[in-house]
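Asks: Sharing a structure, written as structure tokens. Questions coming.
The values are calculated or read from the model by the stated rules, or taken from the named source; none is laboratory data. The structure presented is a predicted model; accordingly, all values stated were derived computationally and were not measured. Cβ: placed from backbone, ideal geometry, glycine included. Neighbour counts: every protein chain shown. When the accessible area is computed, the model is the full protein with side chains, heavy atoms only, and any ligands, DNA or RNA have been set aside. Shrake-Rupley method; radii C 1.70, N 1.55, O 1.52, S 1.80 Å.
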Amino acid sequence: MNTTTEFLDAAAHPREGSAVLDPSGFPEPSPHPAGANLGTPAAGPLIRRLLLIVVVLIAAAFAAGLVPRLRERALVKADTRELAVPTVSVTSAAPSANIAPLTLSGELKPLAEASIYARANGYVRRWLVDLGAHVEAGQLLAELDTPEIDRELLQARAQLVQAEAARDLARTTGKRWKEMLVAKTVSPQEADEKASDLDLKKATVEAARANVQRLEDVAGFSRITAPFAGTITARGLDVGQLVNAGAGQELFRLGQTEKLRVFVRVPQTHARSVAVGQKAEMTMSEIPGRKFEATVVRTAGAVDAASRTLLTELEVDNSKAEILAGSYAQVRLPDAKPEPVVTLPSNTLLFRPEGPQIAVVVDQHAAMRGVTLGRDFGNVIEVLSGVGPQDRVILNPADSLVDGAEVRVIEAPAANR
């Protein structure tokens with residue numbers, strides 16, 4: 001480069017005289033081409049420096065374009081891998097809170113109730129109590145006129161007297177024949193016959209006495225009395241009415257109403273949760289706003305095969321006579337609840353040819369399970385089997401979800417049931 005500068009300076013300043021036009025004033029051409037000067041010691045480092053700069057620039061440009069591409073490619077690959085694993089929300093099964101207290105229709109009956117019938121034929125002479133009357137045990141309710149029984153009783157008593165007379169005669173005769181047997185004036189056979197006749201007459205007396213006792217008892221049924229203390233709830237006789245024993249004609253109906261029995265039929269699903277001593281609430285539509293406390297006193301101990309219900313008896317106090325026997329009531333058993341079942345949100349179910357299924361998360365992988373469904377409450381469904389409270393169930397599972405697929409879990413709060 002210095003040689004080129006010196007040449008230009010010499011050409012720019014003309015020499016003296018004709019030397020300006022003399023070609024010898026220009027440097028003679030070099031026998032080597034101009035490129036051969038590159039190999040000189042002064043040009044070598046410059047070329048290498050230029051080449052290095054060019055390489056660095058090219059590498060920098062290449063790196064500037066490649067690194068972002070590589071970074072983007074890595075990001076795309078990571079995003080693809082990230083998106084390939086579905087992100088799911090999970091919930092857990094919870095005991096059903098939609099089990100309402102058991103409410104059943106109950107039938108009210110007196111604690112004790114008896115229909116009173118006639119045991120003797122006759123006519124009603126008089127009756128002493130009417131509907132709603134409170135009577136004590138043994139109190140006279142009505143009297144019957146029984147002329148036929150009275151005549152039969154008189155005849156039976158006369159037959160008893162006759163039998164007793166025959167017995168006394170046979171006793172005297174037997175005693176005499178024993179004395180004659182000792183004197184050997186009669187044969188032993190005849191003496192034995194008289195002794196046996198005495199035994200026969202004694203048996204006849206006992207039979208006559210029993211018949212008299214029977215007729216006296218039957219005559220006593222002309223007085224109709226209360227078997228226990230209670231309230232007359234029905235009367236079916238009047239003065240002069242003919243009454244036939246065994247005809248099934250109810251004269252009175254007597255019931256104890258200080259306490260009432262309430263009979264309900266508990267469904268089989270709740271039968272195991274009913275126990276003696278449980279408290280219940282009884283309400284009646286004709287007494288709005290009132291609640292009566294009842295207590296379970298006994299159960300049938302077996303489910304009725306026809307209705308699949310358990311007959312259950314409760315007692316309710318009626319000392320104030322506020323409740324009428326024979327009425328219907330609503331009985332609420334707050335403690336009679338079946339074994340609680342778990343529920344899941346309805347959006348956890350998958351309906352497939354194998355049946356309803358759910359997907360649970362096990363070690364960050366989906367596991368498909370078949371379930372048995374119960375009642376449908378809309379937003380939640382009872383699950384009878386196939387899931388437990390400890391399982392993490394996937395919400396809104398995709399139709400393409402398969403068993404063993406890897407998933408990423410986002411915990412979600414348990415559904416409010």
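Asks: I need the phi-derived Karplus couplings for the stretch 392-406: 6.51 cos²θ - 1.76 cosθ + 1.60, θ = phi - 60°, integer Hz, Gly and Pro marked x.
Replies: Result, rounded to whole Hz: 9, 9, 7, 8, 6, x, 6, 5, 7, 5, 10, 5, x, 5, 6.
Asks: So if I restrict to the alpha-carbon atoms in the stretch 150-256, what is the Rg, and what is Dmax, the biggest pairwise distance, in Å?
Replies: Rg then Dmax for the stretch 150-256, in Å: 24.2, 76.
Asks: Here is a further query. Non-local amide H neighbours of residue 225 (under 5 Å, H modeled in plane, Pro and chain starts lacking H): which ones?
Replies: It is 141, by chain and number.
Asks: Find the centroid of the Cα atoms in the stretch 326-403 and in the stretch 126-198, then give the distance between the two in whole Å.
Replies: With the stretch 326-403 and the stretch 126-198 each reduced to a Cα centre, they are spaced 83 Å.
Asks: What ratio of Cα Rg to 2.2 N^0.38 Å holds for the stretch 82-211?
Replies: Working it through for the stretch 82-211, the quotient is 2.84.
Asks: Hey, any idea what % of the stretch 230-339's accessible area is carbon plus sulfur with a 1.4 Å probe?
Replies: Roughly 48 percent of what the probe reaches on the stretch 230-339 is carbon or sulfur.
Asks: Can you compute the charge dipole magnitude of the stretch 222-332 about its Cα centre, using +1 on each Lys and Arg Cβ and -1 on each Asp and Glu Cβ, nothing else charged? Give it in debye, rounded to the nearest 20.
Replies: Roughly 240 debye for the stretch 222-332.
Asks: Right, something else. Report the one residue of 353, 377, 296 whose Cα lies farthest in the direction of the positive end of the charge dipole of the stretch 277-417 (charges on C-beta: Lys and Arg +1, Asp and Glu -1; origin at the Cα centre).
Replies: Farthest towards the positive end: 296.
Asks: Within the stretch 104-181, list the GluC sites (Glu not before Pro) lying in a DSSP loop whose Cβ has at most 15 other Cβ atoms in a 10 Å radius.
Replies: 136
Asks: Among all the lysines, which ones have a C-alpha under 18 Å from residue 201's C-alpha, if same-chain residues fewer than 8 places away are not counted?
Replies: Qualifying lysines at Cα under 18 Å: 175, 178.
Asks: Sticking with this structure for a sec: Run through the stretch 125-227 and list the trypsin sites (Lys or Arg not before Pro) located in a DSSP loop whose Cβ has at most 12 other Cβ atoms within 10 Å.
Replies: Here the trypsin sites (Lys or Arg not before Pro) that fit, given the DSSP loop and packing criteria, are 184.
Asks: Once you have the Kirkwood Rh of the stretch 276-417 from its Cα pairs, apply Stokes-Einstein at 20 °C and 1.002 mPa s and quote D in µm²/s.
Replies: 111
Asks: Here is a follow-up. Taking 10 °C and 1.306 mPa s as the conditions, I'd like the Stokes-Einstein D for the stretch 194-336 in µm²/s, using the Kirkwood hydrodynamic radius from alpha carbon pairs.
Replies: Rounded to a whole number, D works out at 79 µm²/s.
Asks: To continue, here is another question. Just need log10 I(q)/I(0) for the stretch 309-351 at q = 0.18, 0.22, 0.23 Å⁻¹, Debye formula, equal scatterers on the alpha-carbon atoms, no solvent, rounded to two decimals.
Replies: Log10 of I(q)/I(0), two decimals: -0.79, -0.98, -1.02.
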